[in-house]
1. Mind checking which residues of region 40-73 are surrounded by 20 or more Cβ atoms within 10 Å (Cβ to Cβ), modelled with pLDDT of 50 or more and in a loop (DSSP other than H, G, I, E, B)?
2. What strands (runs of 3 or more DSSP E) lie completely within region 205-318 and have 1 or more residues being in contact with a helix residue (DSSP H, G or I) (Cβ under 8 Å, 6 or more places away or on another chain) and closer than 27 Å to Met346 by Cβ?
3. Can you tell me how many residues within region 306-336 are within 15 Å of the chain's Cα centre (by Cα) and under 14 Å from His38 (Cα atoms)?
4. Condition first: under 24 Å from the mean Cα position of the chain (by Cα) and either open to solvent by 50 Å² or more (accessible area, probe 1.4 Å) or within 16 Å of Ile174 (Cβ to Cβ) (or both). Now tell me which residues in region 215-240 satisfy that.
5. For region 86-107, give me each residue that is hydrophobic (A, V, I, L, M, F, W, C) and over 13 Å from Arg126 (Cα atoms).
6. Can you name every residue in region 117-151 that is outside any helix (DSSP H, G or I) and among the polar types (S, T, N, Q)?
7. Quick check: anything in region 147-156 modelled with pLDDT under 95 and basic (Lys, Arg)?
Amino acid sequence: MRKLIATEPRVADLVEYVDRELAKDEARIQVRFASPKHGTEVVDFRGVSPFIDEEFNEEWNMFMPRAEGAARGIVFGEFQLGNMVVGEIVEIGADVTEYAIGDMVCSYGPIMETVIVKAVDNYKLRKMPAGSSWKNAVCYDPAQFAMSGVREAHVRAGDYVVVVGLGAIGQIAIQLAKKAGASIVIGVDPLEHRREIAMRHGADACFNPIGTDVGFEVKKLTGKLGADSIIETSGNSQALEAALRGIAYGGIISYVAFAKQFPDGFNLGREAHFNNAKIVFARASSEPNPDYPRWNRKRIEETCWELLMNGYLDCEDLIDPIVSLDESAQAYMKYVDQNPDLSIKMGIEL
């Protein structure tokens, strides 16, 4: 059997492995579909620390003890790639009662032919309803961050909403904002095909930030008022400057992105003061949630899973390309690392 790993920074390869025996509280999944994470996982794959913002390469061993990789336990040659898997349970431990052989399930897991997961008291191991979409299922992770961003932007019926960055998180945020009753939903992304997908799934207008004064265009579209809320998923400093220009007085910028250090020249500008902007940092995976104790990560996850499985959210257009396991190493390097503009979220069919 084979699994996808990083053998060194920015190099992926398929390697053989031998499955171990199950513990009493575990289940073995025969993976049918999988998908990597196009965000923080790629930072690890590249061997880049978010704290020092340098590539390790030949100096990797020197930087690693004080960088993200050490905290994550990353060792190239063993670092498995992947985020979500969908497959069939083919074996269960003696203590497993909530799942049966033959169940189709979704779980966090690496890209490999079989995945072993804890199957007792594990609410993250999700059963797939009959007829549900595996493409929706592998968007379980980005949906949580999109929902957090929309909730903390306090999107309400009739609002004017902007979503900056139309990767998987931004695309799902577009859908959630529109379905929450937003009157105008605007997407911002330099890539045309991403803007086209957003327009198909709820955006009323989209702008290319390259060569466009996005803040000015948002003000024009909203009768000079500006956006009630802006959901920022790109982590780009210029995007934040544009958001501060396009926000309405007292509006909320919900900052979802895990930004790197901004470059010299970042300017909050007079708009930040006169627009009385509020910037909140969205929390999906860290506790306590701002709405604690009513909301926590478990509730966010359960709600996202329900919306993905009942078709309220539609992620079919987000999964492209879909490659075989044989193609996965080259495809990972091409679509996830080297040319992320070519893919919102890559799918793998085993």
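The values are calculated or read from the model by the stated rules, or taken from the named source; none is laboratory data. Just so it is clear, the model here is predicted, and its values are computed rather than measured. Ideal geometry is used to build each Cβ from the backbone, glycine not excepted, and the neighbour counts take in all protein chains shown. Ligands, DNA and RNA are excluded from the accessible area calculation, which covers all protein heavy atoms including side chains. Shrake-Rupley method; radii C 1.70, N 1.55, O 1.52, S 1.80 Å.
1. Those that are surrounded by 20 or more Cβ atoms within 10 Å (Cβ to Cβ), modelled with pLDDT of 50 or more and in a loop (DSSP other than H, G, I, E, B): Gly47, Ser49.
2. 205-207, 227-232, 247-255
3. Adding up the residues that qualify gives 4.
4. Answer for region 215-240, where residues must be under 24 Å from the mean Cα position of the chain (by Cα) and either open to solvent by 50 Å² or more (accessible area, probe 1.4 Å) or within 16 Å of Ile174 (Cβ to Cβ) (or both): Ala227, Asp228, Ser229, Ile230, Ile231, Glu232, Thr233, Ser234, Asn236, Gln238, Ala239.
5. If the condition is that a residue be hydrophobic (A, V, I, L, M, F, W, C) and over 13 Å from Arg126 (Cα atoms), then Val90, Ile92, Ala94, Val96, Ile101 are the ones that fit.
6. Hits for region 117-151 are Asn122, Ser132, Ser133.
7. No.
Results for (1) touching a Ser or Thr at 6+ places or on another chain (Cβ under 9 Å); (2) among the polar types (S, T, N, Q); (3) modelled with pLDDT of 90 or more; (4) not assigned by the TED database to the domain that holds Thr40, shown as yes or no for each residue.
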{"residue": "Gly246", "(1), (2), (3), (4)": "yes, no, yes, yes"}
{"residue": "Gly250", "(1), (2), (3), (4)": "no, no, yes, yes"}
{"residue": "Asp264", "(1), (2), (3), (4)": "no, no, no, yes"}
{"residue": "Arg270", "(1), (2), (3), (4)": "no, no, no, yes"}
